[in-house]
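Novice: Got a structure for you, questions after.
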Amino acid sequence: MGIALSSGGARGTAHIGVLKALEESGFAPSVIAGTSVGAWVGGCYAAGVPLEELARYWKELRWYGIGRHLLPGPVWRGWTSGSSLLRAVKNLVGNVRIEDLEIPFVAVATDLATGEAFWITEGPLAEAICASSAVPGLVVPRNWNGRWLIDGGVVDPLPVEAARALGAEVVLAVDVLVPPPEKGLSNPNVFKVLFQMSTIFQKRIAQLEAETQRPDLLVCPQFGPRPPRYSDIGQAVEVGYQEMCQHISTLKKLLGA
């Protein structure tokens with residue numbers, strides 16, 4: 001079984017709950033593909049970081065922690081260099097390399113020059129996670145062996161194909177992306193318009209990926225009127241957990257368990 005974890009910002013903390021439900025049901029992923037926050041959660045999990053520690057990290061982050069990671073850098077290339085983000089990831093996973101992980105893992109980024117998805121299957125895990133989550137305009141693109149990489153959510157927000165390429169015969173995809181109507185726009189300014197534009201195209205790409213790449217099981221956590229924010233992830237982990245629990249019987253049939 002392979003797991004494809006989508007991008008989605010703070011909503012991606014629901015991935016933690018999904019993995020927790022799988023663990024409790026006795027299902028261990030054979031491979032993990034992650035984009036952006038999906039790469040954060042999936043990469044840390046593949047590196048053996050306990051789910052409780054991941055959940056605690058996100059719950060304690062809040063705006064103060066976000067602010068520390070977004071200190072200005074060379075602003076003509078991006079608001080922040082991403083060095084603080086890299087240190088934060090290294091505090092969780094250390095200096096482990098992807099090819100040394102017990103669970104095969106791929107972090108999906110976007111090649112800024114070609115506009116194509118770039119699958120990172122070897123090299124420093126922390127660097128790969130940061131490349132996969134380098135939000136355009138906010139974080140300076142990451143140089144990876146001569147390639148300039150940005151957030152994988154730009155072209156491949158739901159990495160089903162990447163999971164299959166690692167050898168997964170059954171793919172469980174988790175889509176936590178924001179449905180555009182959820183934003184409830186009023187008096188849109190330039191920043192709201194830009195964020196909404198990103199929301200629309202990422203969600204549309206994910207829908208197309210689900211239609212064309214056909215994951216064997218698609219799980220879409222529903223957050224209700226209080227979706228998670230970086231300032232407060234709320235019940236995101238529990239929402240992911242409960243949503244996955246509702247699909248365990250289907251997963252058992254798919255795996256012949």
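Novice: Having 3 or more residues that are out of contact with any helix residue (DSSP H, G or I) (no Cβ under 8 Å at 6 or more places or on another chain) and not charged (D, E, K, R) is the bar; report the helices (runs of 4 or more DSSP H) wholly within region 189-257 that clear it.
Specialist: 190-213, 248-255
Novice: Give me the residue from region 11-36 that is part of a helix (DSSP H, G or I) and open to solvent by 10 Å² or more (accessible area, probe 1.4 Å) and, out of that set, modelled with the lowest pLDDT.
Specialist: Among residues in region 11-36 that are part of a helix (DSSP H, G or I) and open to solvent by 10 Å² or more (accessible area, probe 1.4 Å), the one modelled with the lowest pLDDT is Arg11.
Novice: Residue pairs, Cβ under 6 Å, 6 or more apart or interchain, first in region 223-235 and over 11 Å from Thr13 (Cα atoms), second not β-branched (Val, Ile, Thr). List them.
Specialist: Arg226/Gly234; Ser231/Arg62; Ser231/Trp63
Novice: From Glu211, Glu238, which residue is more than 30 Å from Gly137 (Cα to Cα), of a type outside the set (S, T, N, Q) and open to solvent by 70 Å² or more (accessible area, probe 1.4 Å)?
Specialist: When all the criteria are applied, what remains is Glu238.
Novice: Can you tell me which residue in region 83-112 is farthest from Asp156 (Cα to Cα), limited to those that are open to solvent by less than 30 Å² (accessible area, probe 1.4 Å) and polar (S, T, N, Q)?
Specialist: This residue is Ser84.
Novice: Determine whether Arg229 is modelled with pLDDT under 90 and open to solvent by 80 Å² or more (accessible area, probe 1.4 Å).
Specialist: yes
Novice: Any residue in region 199-217 that is closer than 19 Å to His247 by Cβ sitting within a Cβ distance under 7 Å of a residue that is in a helix (DSSP H, G or I) and among the polar types (S, T, N, Q)? List the pairs, counting only those 6 or more apart or interchain.
Specialist: The qualifying pairs are Leu217/Thr250.
Novice: So if I check each of Val178, Val170, Val155, which one is of a type outside the set (Lys, Arg) and either under 14 Å from Gly42 (Cβ atoms) or in contact with a Leu (Cβ under 7 Å, 6 or more places away or on another chain) (or both)?
Specialist: Val170
Conditions (1) in a helix (DSSP H, G or I); (2) modelled with pLDDT of 95 or more, marked per residue:
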position: Ile66; (1), (2): yes, no
position: Leu71; (1), (2): no, no
position: Glu99; (1), (2): yes, yes
position: Ile103; (1), (2): no, yes
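The values are calculated or read from the model by the stated rules, or taken from the named source; none is laboratory data. The shown structure was predicted, so the numbers you read here are calculated from the model rather than taken from an experiment. As a convention, Cβ positions derive from the backbone with ideal geometry for all residues, glycine included, and neighbour counts pool all protein chains shown. In case anyone asks, the SASA skips ligands and DNA or RNA and just uses the protein heavy atoms, side chains included. Shrake-Rupley method; radii C 1.70, N 1.55, O 1.52, S 1.80 Å.
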